[in-house]
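Participant: I have a structure I would like to understand better, so I am pasting it below and will then ask my questions one at a time.
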Amino acid sequence: MNVYEPFERKAPSHEDNLTRAFLIVLRAVPVAHSAWLALVRAGHLEKDRSPRAPDGRIPELHDLPPWSLDTQTSQISEALGRVVSVLQTDEPYFLERDLAPSSRRQVLDGVVAYGDELAVVIENKLAHRDVWEDQLEINVPSDVAHDPRLACVQWREVVKAWARLLQADALAPAERVLISDFLEFSEQHFPSLQPFATVRMCARNEFRLVRRARMLLSDTGMAPVEHAAGWGWYLSLPSGIGNAAIRIALVPHVGEDGDRLELQVAPADKVGQARLFHADFNADDLAALEQLGWEMRPNFHLSYMQSHLCYVTGTLRLLDYFDFWKANANRIGRVPRSEWDGLWEELATAGVVTQDDRAAFDSAFTDTGRDFAVVVPGYHLGYSVPLERAAHLDDRRALSSELADQISAMAKVLRLRFTV
């Protein structure tokens, strides 16, 4: 179980790689191990709510000896007191009969041994319909007790429990990396096992919706999916090829202003993009976006060294804002400190900014040692899908194609290119 020695001839989507990744987290993150063992305990009691004996329950992690793990092994130690068989799969699985020791030749997906007291043997099946019941019985040495009760654990419950640990910020830095990587790995290669495999499964949980948004963008296949603070997950378009926008994000919103998924684009978000946008586009393009169902509004900001430091509201309607910058494109870009007052009066007179916005500008620029400000007349472009409609489309596996259609239509109007 060395973390640096993966299987060499198995595809990432092979169930053995899921088992291996899972066991690495068990080995390295005790709180995740404890959460999983609680699921095993619950599954073990599912068949018979009244244990046959007081000691029939699986102990909690803190009551067990130090553990060791192995995968793809055939051996069970002769010194073990007891073996419990665990089926880890996509749906609940109930076995009517009791389990008994087997004489079969076996290759066990995973073995978690707690000293000489207990071994939990894991059989991993991506689909419960593929379970072969004989695989649930273990070939154990004659002196080892084979527990008659099968414990079934659903993969989505494991993922949900570990996602909660990540969300609760209860992990050390290295533990966060391991669990986060596991969640991303399982989302990418085993999406059917996720508790957030559809928008409906995510309900109104924003954490899960964010992760679902990532997979929906990936499913469009239109561009690489990346992440940035303030944006979340987005399609990354190439820069330097005449694109007026290079990020197309999918952002969940849950709250009083309505539950929805929103495609977000920021045309003219950088100086070069802003100059290009106001040189190449016209009012008909803005109207075309509106007809497609996209909503656009001004997103004027002032920057310094690639950092957007000051956003202001202004009073201009979208078309007037666009016309102003089309006529004053020479004002886009760097403005030295000596020209700030004149610039501000000009923008306030036009309605691009208000006098109330000056305090925010002074805090970010005038009251600092910065010697220039960068004028960026950007835009916010959004297309919203109500969450219930998104859930309905996702139930039919049609949401990602719907999003792709809207992205393609918008990109055609903005002349965005997805490849160099």
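The values are calculated or read from the model by the stated rules, or taken from the named source; none is laboratory data. Note that the coordinates shown come from a computational prediction; the quantities given were computed from them, not determined experimentally. Quick reminder, even Gly has a Cβ in these numbers, built from the backbone with ideal geometry, and neighbours come from all protein chains shown.
Participant: Cβ-Cβ under 7 Å, sequence separation 6+ or interchain: first residue in the range 278-293 and within 21 Å of Asn328 (Cα to Cα), partner β-branched (Val, Ile, Thr) and part of a helix (DSSP H, G or I). Which pairs?
Facilitator: Asp285/Val413
Participant: Shifting gears a bit: Does Leu316 count as part of a loop (DSSP other than H, G, I, E, B) and closer than 19 Å to Val375 by Cβ?
Facilitator: Against the criterion (part of a loop (DSSP other than H, G, I, E, B) and closer than 19 Å to Val375 by Cβ), Leu316 qualifies.
One line per residue, one yes/no per condition, for (1) at pLDDT 95 or above; (2) within 35 Å of the chain's Cα centre (by Cα); (3) closer than 30 Å to Gly240 by Cβ:
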| site | (1), (2), (3) |
| --- | --- |
| Glu345 | no, no, no |
| Thr349 | no, no, no |
| Phe365 | no, no, yes |
| Arg389 | yes, yes, no |
| Glu402 | yes, yes, no |
| Ala411 | yes, yes, yes |
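Participant: Listed residues Glu175, Glu91; which is under 34 Å from the mean Cα position of the chain (by Cα), of a type in the set (Asp, Glu), closer than 21 Å to Phe22 by Cβ and part of a loop (DSSP other than H, G, I, E, B)?
Facilitator: Exactly one of Glu175, Glu91 is under 34 Å from the mean Cα position of the chain (by Cα), of a type in the set (Asp, Glu), closer than 21 Å to Phe22 by Cβ and part of a loop (DSSP other than H, G, I, E, B), namely Glu91.
Participant: Select from the range 351-373 the residues that are closer than 22 Å to Asp323 by Cβ and surrounded by 17 or more Cβ atoms within 10 Å (Cβ to Cβ) and list them in ascending order.
Facilitator: Across the range 351-373, the qualifying residues are Val352, Val353, Asp357.
Participant: Still on this model: Confirm whether Leu250 is crowded, with 19+ Cβ neighbours inside 10 Å and of a type outside the set (Ser, Thr, Tyr).
Facilitator: Yes, satisfied.
Participant: For the range 232-305, which strands (runs of 3 or more DSSP E) that fit wholly inside it have 3 or more residues that are in contact with a Phe, Trp or Tyr (Cβ under 7 Å, 6 or more places away or on another chain) and more than 18 Å from Thr220 (Cα to Cα)?
Facilitator: Of the strands (runs of 3 or more DSSP E) lying wholly inside the range 232-305, those with at least 3 residues that are in contact with a Phe, Trp or Tyr (Cβ under 7 Å, 6 or more places away or on another chain) and more than 18 Å from Thr220 (Cα to Cα) span 295-304.
Participant: Also, quick follow-up: Among the listed residues Leu150, Leu99, identify the single one that is in contact with a Leu (Cβ under 7 Å, 6 or more places away or on another chain) and farther than 30 Å from Glu187 by Cα.
Facilitator: Leu99
Participant: With respect to Asp280, determine if the residue is at pLDDT below 95, under 14 Å from the mean Cα position of the chain (by Cα), of a type in the set (Asp, Glu) and assigned by TED's automatic domain parsing to the domain that holds Asp320.
Facilitator: No: the conditions fail for Asp280.
Participant: If you don't mind, another one. Residue under question is Arg200, and the condition is that it be modelled with pLDDT under 90, in contact with a helix residue (DSSP H, G or I) (Cβ under 7 Å, 6 or more places away or on another chain) and part of a helix (DSSP H, G or I); does it hold?
Facilitator: When the stated conditions are applied, Arg200 does not pass them.
Participant: Determine if the range 373-393 includes at least one residue that is in a helix (DSSP H, G or I) and touching a Ser or Thr at 6+ places or on another chain (Cβ under 9 Å).
Facilitator: Yes: the range 373-393 contains one or more residues that are in a helix (DSSP H, G or I) and touching a Ser or Thr at 6+ places or on another chain (Cβ under 9 Å).
Participant: Give just the number: which of (1) without any contact (Cβ under 8 Å) to a residue 24 or more places away in the chain; (2) surrounded by 14 or more Cβ atoms within 10 Å (Cβ to Cβ) does Arg129 not satisfy?
Facilitator: Of everything listed in (1) without any contact (Cβ under 8 Å) to a residue 24 or more places away in the chain; (2) surrounded by 14 or more Cβ atoms within 10 Å (Cβ to Cβ), Arg129 misses just condition (2).
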